[in-house]
Amino acid sequence: MGTRTLVCGAGGLYDELVARLRARGHLVETLGLSSLAARPTAETAVDTAAAALGTVDLLVHVLESPGQPIPLVDLSTDDWVAVCEDPMVGALHLLQACRPHLGPGSRVVHVVPTSAMGGAPGFAATATAAEGIRALNKSAARQWGTDGITTAVVAAAPELLIGPAASSSGGALSGPALGRTGGAEDLAGIIDTLASPDAAFTSGSTIVADGGTWMAP
Amino acid sequence: MSKDLDAGLLGGRVALITGGGAGIGLGIATAMAREGAAVVLAARRIENGEPAAEALRDAGHRALCVRCDVTSRIDLESAVAATIDGFGHLDCFVHNAVGGSVAPGPIEGMDDGWPGLLATTVRASFDAAQVAHPHLAAAGGSFLLLTSAAGMEGSASLPAYAMVKASQRALAKSLSQEWGPAGIRVNCIAPVARTPAMDRAYRANPDLEERLLERTPLRRIGDPTDDIGPVAVFLTSDLARFVTGQTIVADGGGFLGL
């Protein structure tokens, strides 16, 4: 049986990731972001998806936040809430809802832009949310590790998750060593590997999957 | 007692510190005042902030207290307005206040206290940045956020706190890039210091102090004024004029993962 995978997100990269994971043999159920607004709706949606899968071997939450750059001083409070706070709250609700369905061998993966580590001018709300979610992933690793549950963050190029306007963000001095910023198949391969028992001794760490731009630390 | 207003590393500067009535905020304010800054203690509890401001004035410093609940944008705007009224300009905005529950607990139980924590840290940082920006741009000033090593390595006991403190750090890095061309610097301090909150934690966990000391190479817990305050002085002074987007971990050497 393939890996039983629950994928949550919305957007072009999310759609492609779902297709690529299915192509790799994952049994995939998907979850829209609207269900994450409140804990009860998240629990209902996750329970339904988990029942269809039988259990959750792999949870993938994709923080995709396409947009154009807006200086923080010009951002409305509503936009700040929608782009920064709502995704953080949603990430929390998703983990809370999934916890009863995770067990020994389960893996939790958050896909975020490397802006989490380097910041992102014009996209401060996205970077702020992404780093908060990255910390939540680490805390989950520390709390759930003794139950055999592992976590990881896959940090992708901002271009993939935010858009081309985010290409200059991130505080890195050099471009990608591999000469490209990658795509869904590059990420799917890493996520697939993280779901393997061979990768089970890494937890809470961030795998930077940006073609070799961000190399720190 | 009168002092030369231009003396000290922060002579002539004006700083507003949220949560300035006690703990690390008051320590930062005191250290900045000792280096010549006029300080505004923005405190939710005026009964803490006013005596602290009075003590600073009695010591010959320029200080005032304003009541400020950082979850209220109106309060933040009023605090900045009071700063301008009192001292003419604003050079340094230090967002130190944190509220809501930071009680240890599992991710599954994070609902209680989480909204208050999010409001006082993440939303308040957003509001503070927008409110302070015009004044910091006019002064070529600096914006300082208090973060935590818990946000960098995650926390088994304080997942909510780790989440919001991590997010503030990414905000600081983003703003350092947005505001750098205007000459505004944005930095963070990740402190560990003896505060009223830590005293409460000690009472709840009798072995906590010993565990903290064991993991701290300098074998002591920081003092808000003498250990954390000088880091804020450095970051907001001309000594750090070429430093932005950075975090200084002031914890006695416990966390080395940065």
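Overview of values
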quantity	calculated
When residues of segment B:84-100 are limited to those that are closer than 30 Å to B:Ser155 by Cβ and away from every other protein chain (no Cβ under 14 Å), the one modelled with the lowest pLDDT	B:Gly99
Tally of residues being assigned to a loop (DSSP other than H, G, I, E, B), over 15 Å from the mean Cα position of the chain (by Cα) and without any contact (Cβ under 8 Å) to a residue 40 or more places away in the chain across segment B:168-220	9
Wholly enclosed helices (runs of 4 or more DSSP H) of segment A:69-177 bearing at least 3 residues under 14 Å from B:Met163 (Cβ atoms), among the charged types (D, E, K, R) and within 12 Å of another protein chain (Cβ to nearest Cβ)	A:124-144
Meets criteria (on the phi < 0 side of the Ramachandran plot, among the hydroxyl-bearing types (Ser, Thr, Tyr) and more than 10 Å from chain B (Cβ to nearest Cβ)) for A:Thr41	yes
Segment A:178-202: number of residues that are more than 19 Å from A:Val7 (Cα to Cα) and in a loop (DSSP other than H, G, I, E, B)	8
Meets criteria (buried (at least 21 other Cβ atoms within 10 Å of the Cβ), modelled with pLDDT of 95 or more and within 13 Å of chain A (Cβ to nearest Cβ)) for B:Ser125	yes
When residues of segment B:133-144 are limited to those that are in a helix (DSSP H, G or I) and either closer than 17 Å to B:Gly245 by Cα or among the aromatic types (Phe, Trp, Tyr) (or both), the one nearest to the other protein chains (Cβ to nearest Cβ)	B:His133
Residue count for segment B:145-175, restricted to those that are more than 7 Å from chain A (Cβ to nearest Cβ) and either surrounded by 23 or more Cβ atoms within 10 Å (Cβ to Cβ) or at pLDDT 95 or above (or both)	12
Leading residue by the ranking (modelled with the lowest pLDDT) among those in segment A:189-217 that are among the aliphatic types (A, V, I, L, M) and over 26 Å from A:Thr55 (Cβ atoms)	A:Ala216
Among (1) in contact with a strand residue (DSSP E or B) (Cβ under 8 Å, 6 or more places away or on another chain); (2) closer than 22 Å to B:Ala31 by Cβ - the single one B:Gly254 does not satisfy	(1)
Condition met for A:Leu75 (among the aliphatic types (A, V, I, L, M), within 20 Å of A:Ile162 (Cα to Cα), over 18 Å from the mean Cα position of the chain (by Cα) and crowded, with 17+ Cβ neighbours inside 10 Å)	yes
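The values are calculated or read from the model by the stated rules, or taken from the named source; none is laboratory data. Quick caveat: nothing in here was measured; it's all calculated off a predicted structure. Cβ atoms come from the backbone with ideal geometry, glycine included; neighbour counts cover every protein chain shown.
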